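Any read-out appearing in this document is the output of simple, stated calculations on the displayed coordinates, not a laboratory observation. Keep in mind it's a predicted model, so treat the numbers as computed, not measured.
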Amino acid sequence: MPESFRPERLAASLTELWSPRVVAQVDDAYVKVAKVRGELTWHRHDAEDELFYVLRGELRIETDEGDVVLREGDAYVVPKGVRHNPVADRECLLLLVERTTTRHTGDVETDLTRSIEEQTRPL
């Protein structure tokens, strides 16, 4: 029997910050959840767009062209090639949609970078 899932509940259950976890796959895209606080890092994805959807809290996506502020229920697509830095002043729960080829921190490697193996491990 097919199973549904609640992205907000799954994101809330995470214990690591800035460590997205894959909860589904739609064709060549992963649906991920994450719990975030603080900032990730300035980076870009040269070949992939990235969708952010705020399940709970508030997220600011800094870009070279200005900041985008997302509140609960808001979504934003960072276009491929746009340098950005996600920031959450308080804990924020996210749903992300990215191609399966999208590297977590794009063109930058930091202590927060997570491999796809880390992101696909069971919740």
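Just a few scattered comments:
- Cα gyration tensor category, rounded, prolate or oblate, for the stretch 50-123 with a/c compared to 1.5: oblate
- The chain - mean residue ellipticity at 222 nm from DSSP helices (-39,500 (n - 2.57) per run, n ≥ 4, rounded to 500): -2000 deg cm²/dmol
- Oblate is the label for the stretch 1-65, because the ratio a/c of its alpha-carbon gyration tensor axes (a ≥ b ≥ c) is 1.5 or higher and a/b is not greater than b/c.
- Rounded to the nearest whole Hz, the Karplus-based 3J(HN,Hα) values (6.51 cos²θ - 1.76 cosθ + 1.60, θ = phi - 60°) of the stretch 45-59 follow the sequence 10, 5, 10, 9, 7, 9, 9, 10, 10, 8, 7, 7, x, 9, 10, with x at glycine and proline.
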